[in-house]
Amino acid sequence: MKIILASSEVVPFAKTGGLADVCGALPTELEKLGHQVAVFMPGYRCVQRVDTTIQTLPVELELPIGDKLETVQIGKAKLPDSNVDVYFVMHDDYYHREGLYGDQNGDYQDNCERYVLFCRAVLESIREFDLQPDLVHANDWQTGLIPALLKTEYSENPLYGDIASLLTVHNLAYQGLFPAESMPLTGIDQKYFNWEQMEFHGQLNFLKTGLVFADAINTVSPTYAREIQTVDQGCGLERVLQGRSDRLFGIINGIDPNDWNPSIDSHLEHHFTADFDPAVGCEGKAKCKQSLQTEANLETRADVPLIGIVGRLASQKGWSLILPVLRNWLENVDAQWVILGTGDPDYHDVLTSLHRSHPKKLSLALDFSNPYAHRIEAGADMFAMPSQYEPCGLNQMYSMAYGTIPVVRQTGGLADTVVNANGETIDNKTATGFSFTDYSVEALNETLHRAANVFTNQKKVWHQMMIAGMTTDWSWGSSAKKYEQLYGKTVQWAKEPVK
Ligand code: ADP
């Protein structure tokens, strides 16, 4: 099959979250399954820093943005270690900026134009480079107009009429909302600006547009696919999603075993595998803990539980539970915490003040550092991820691959990947973590104590849980096969007459 994957972020070129990891890994896996995949992303400033071999193709595309015509160039490179072509949509005014979506003043004011241009550039490139895809795989709101353009402006064009579209929702909370006056920028007929298609409470909604027009939709875990059809987690789009439930699926993400693998990880001083005796423990992991404690300016002690957190400092990640629990633990419990993250300035302030008052128990890096994220995953005993909602979540999988026991709330992909430790799962050796359901401070506190108790008093069980997580197959292989099946069905559905 010929597939075009369009995404605003792709590892290693640009990343703010899990979307980039998925769009960097899935194309290579699909290529291994025999498909021909081309990736499209905007040519942000950071892209050129990563790859200096990008070749600018000798073409210029003229694209309408409202009344204006904008000229874009297209750059081309390969995804590392693959034969997958990556096309970069180059437009200096729109994309050659420090941030992807905004700066210290908030979102860029012209984000609507920036992503209208991107969606149009993807579709025009199909003609320009004679790509003839069977399917365009769009990802998140930034690409939400692609399915709509295919079903409207491009639908009568024989080059485009048969192209199917799949939209993957990586996070329903980010929808790409713009004032109603932005609608003409899309170039899509004003008649589609109605509550059943592109409008959302008086605003233009890119994600809703994609959900309505795509031939099929998926999210990044089966549980999240169910949750987003409820009022509680539907972010106002639950009715739209319920209406499309026969075309809505959940496919869990994989992780890249070349990147996240404790036996070869180039960011680590010491390496380890699951091949250790649960009665004894894992020597390499113990050394990684020691190195992390040194790097994090914490006392080097094997006996103290070391809890890691890496992630965006956003309310989604459960900070309203973490902060009170952390304060309590720093005062009363013999444990160490290592936190790496950036985001909401209010969380920065609270964490900075907690760090100042408890520097021996809390190590804090308000930073984005991939190497340090690897060393935390390798050196911590536990990883806390009590998310309010979690479409898939990658960090809990990285943790399990590194023998770090996740403590999570049972939501979205966390519910689908972490097996809670209880009498039965400990006995049958399937337990990989500790989880709870109530979004409450008490539930997180109790679950962390439960984990710390096993860490201190049931070493063999702890080691067995590490082995269970480390030996689970987290690689992309089986997820890529599920995408392959869904692409096949989507191509069939695209041929059915519109209801
Ligand atoms: P989300 O996409 O909601 O941010 P995920 O767990 O799916 O959450 O993916 C987050 C990705 O970003 C992971 O690869 C994680 O390691 C990485 N990440 C997040 N914050 C940081 C940070 N401060 N430093 C390094 N990596 C980070």
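Relative to the Cα centre, the charge distribution of region 283-472, modelled as +1 at Lys and Arg Cβ and -1 at Asp and Glu Cβ, gives a dipole magnitude of about 440 debye. Rounded if a/c is under 1.5, else prolate if a/b beats b/c, else oblate: with a ≥ b ≥ c from the C-alpha gyration tensor eigenvalues square-rooted, which is region 134-258? Oblate, because a/c is 1.5 or more while a/b does not exceed b/c. The residues of region 114-231 have, on average, 33 Å² of accessible surface per residue, using a 1.4 Å probe with all protein chains present.
Using Cβ point charges alone (K and R +1, D and E -1), the dipole size of the chain about the Cα centre works out to roughly 880 debye. Under 19 Å of direct C-alpha separation, and excluding same-chain neighbours fewer than eight residues apart, K460 reaches these aspartates and glutamates: D275, D277, E283, D303, D381, E424, D427. If the segment from T300 to K495 were pulled out straight at 0.36 nm per residue, it would be longer than the present Cα-Cα gap by 64.0 nm. The mean of 1/r over all distinct Cα pairs in region 283-472, once inverted, gives the Kirkwood hydrodynamic radius of 16.2 Å. For region 188-291, applying the loop criterion from DSSP together with a ceiling of 16 other beta carbons within 10 Å to the GluC sites (Glu not before Pro) yields E196, E269. Legend: Rg and Dmax of the chain, from Cα coordinates, 23.2, 71 Å. Its DSSP H runs of at least 4 residues, each contributing -39,500 (n - 2.57), put the calculated 222 nm mean residue ellipticity of the chain at -11000 deg cm²/dmol, to the nearest 500. Per residue, region 416-499 exposes an accessible area of 52 Å² to a 1.4 Å probe, with every protein chain left in place. Distance from the C-alpha centroid of region 243-273 to that of region 450-499: 9 Å, rounded to the whole angstrom.
Cross-link check: pairs K285/K361; K68/K489; K15/K287; K78/K482; K15/K208; K68/K191 evaluated at a Cα-Cα cut-off of 28 Å; pairs beyond the cut-off: K68/K489; K15/K287. So for the chain: antiparallel DSSP bridges make up what percent, rounded to the nearest 5? For the chain, the DSSP antiparallel bridge percentage is about 30. Taking all protein chains as present, what is the carbon and sulfur share of the accessible area of the chain, in % to the nearest whole number, probe 1.4 Å? Solvent-exposed carbon and sulfur of the chain make up 48 percent of the total. Other residues lying with their Cβ under 15 Å from the Cβ of F272 contribute a combined charge of -3, Lys and Arg counting +1, Asp and Glu -1. Projecting the Cα atoms of S353, G343, A373 onto the charge dipole of region 338-426 (Cβ charges, centred on the Cα centre) puts S353 farthest toward the positive pole.
Between F368 and D162, the FRET efficiency from the beta-carbon distance, with R0 = 51 Å, is close to 0.75. Evaluating 6.51 cos²θ - 1.76 cosθ + 1.60 at θ = phi - 60° for every residue in region 142-151, the Karplus couplings come out as 4, 10, x, 7, 4, x, 5, 5, 4, 7 Hz, glycine and proline recorded as x. Taking the C-alpha atoms only, the angle from helix 370-379 to the longest principal axis of the chain is near 30 degrees. Contact order for the chain, expressed relative to its length and based on alpha carbon pairs under 8 Å spaced 6+ residues apart, stands at 13 percent.
Rounded to the nearest Hz, the phi-derived 3J(HN,Hα) couplings of region 128-139 under the Karplus curve 6.51 cos²θ - 1.76 cosθ + 1.60 (θ = phi - 60°) are 4, 9, 6, 7, 6, x, 7, 8, 9, 9, 8, 9, where x marks glycine and proline.
Report the FRET efficiency, 1/(1 + (r/R0)^6), for D110 and K76, where r is their Cβ-Cβ distance and R0 is 22 Å, rounded to 0.05. Once the sixth-power term is evaluated, E becomes 0.30.
Return, ordered by residue number, the residues of region 225-255 whose backbone nitrogen is under 16 Å from a label point located 7 Å along Cα→Cβ of E196. Residues 239-245 fall inside that zone.
When the Cα positions of A180, F249, G412 are compared along the charge dipole of the chain, G412 comes out farthest toward the positive end, with charges on each C-beta of Lys, Arg, Asp and Glu. Counting charges near K287 (Lys, Arg +1; Asp, Glu -1) among other residues having Cβ under 15 Å from its Cβ returns a value of -2.
The values are calculated or read from the model by the stated rules, or taken from the named source; none is laboratory data. Here the structure is a predicted model, which is why all the values come from computation and not from measurement. Neighbour counts run over all protein chains shown; Cβ positions are idealised from the backbone, glycine included. Areas reflect the complete protein model, heavy atoms only, side chains present, ligands, DNA and RNA absent. Shrake-Rupley method; radii C 1.70, N 1.55, O 1.52, S 1.80 Å.
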